[in-house]
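J.: Have a look at this one before I ask anything.
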Amino acid sequence: MTQPTKRIRKRKPQESAPVTVLSHAEHLQVLHAREQGKTVMYKQDAWGHIETRFVRTHNVAAWEAKGFVVR
């Protein structure tokens with residue numbers, strides 16, 4: 001019989017990320033800070049679903065080419 005050619009791999013140790021618990025108000029503040037200075041754009045598909053994107057102002061023309069509309 002021949003030796004198996006498959007290598008045995010050891011499992012990597014799992015890294016734990018620091019978990020920070022935010023209140024609802026703090027979470028909203030973080031979201032608003034991230035979206036500040038961006039343009040809100042929408043696209044509606046044939047089923048009526050609305051996709052929302054927060055786009056940097058210099059990328060608005062590229063997103064309009066994809067079918068999105070500025071709010």
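We did not get these values from a lab; they are worked out from the coordinates using the rules stated. A quick note: this is a predicted structure, and the numbers were derived from the prediction, not measured. Neighbour counts are summed over all protein chains in view; Cβ atoms, including those assigned to glycine, are modelled from backbone coordinates with ideal geometry.
J.: Suppose R0 equals 25 Å. What FRET efficiency, 1/(1 + (r/R0)^6) with r the Cβ-Cβ distance, do residue 32 and residue 69 give to the nearest 0.05?
T.: Working: r = 22 Å, r/R0 = 0.88.
It comes out at approximately 0.70.
J.: If you don't mind, there's one more thing I want to ask. Which of these, 19, 55, 40, has the largest mean-square fluctuation under a Gaussian network model of the chain (Cα springs below 10 Å)?
T.: Per the Cα network of the chain with a 10 Å cutoff, 19 tops the list.
J.: Then there's this: Residue by residue through region 43-56, what is 3J(HN,Hα) from phi via Karplus (6.51 cos²θ - 1.76 cosθ + 1.60, θ = phi - 60°)? Round to whole Hz and write x for glycine and proline.
T.: 9, 10, 8, 5, 8, x, 6, 10, 9, 10, 10, 9, 10, 5
J.: Hey, another quick one. With an 8 Å cut-off on Cα pairs and a minimum separation of 6 or more residues, tell me the relative contact order of the chain in percent.
T.: Normalised by residue count, the contact order of the chain is 25 percent.
J.: Determine which aspartates and glutamates satisfy two conditions relative to residue 66: a Cα distance under 14 Å, and not lying fewer than 8 residues away in the same chain.
T.: 45, 51
J.: Can you tell me the equivalent ellipsoid semi-axes for the chain? Use √(5λ) from the Cα gyration tensor, largest first, whole Å.
T.: Working: eigenvalues 365, 120, 33 Å².
Computed over the chain, the values are 43, 24, 13 Å.
J.: Based on the Cβ-Cβ distance from residue 51 to residue 25, what FRET efficiency comes out when R0 is 35 Å, to the nearest 0.05? Working shown, then result.
T.: Numbers: r = 26 Å, r/R0 = 0.75.
Using R0 = 35 Å, I get an efficiency of 0.85.
J.: Specify the angular offset, from 0 to 90 degrees and rounded to the nearest 10, of the alpha carbon long axis of helix 24-35 from the longest principal axis of the alpha carbons in the chain.
T.: Around 80 degrees separate the two axes.
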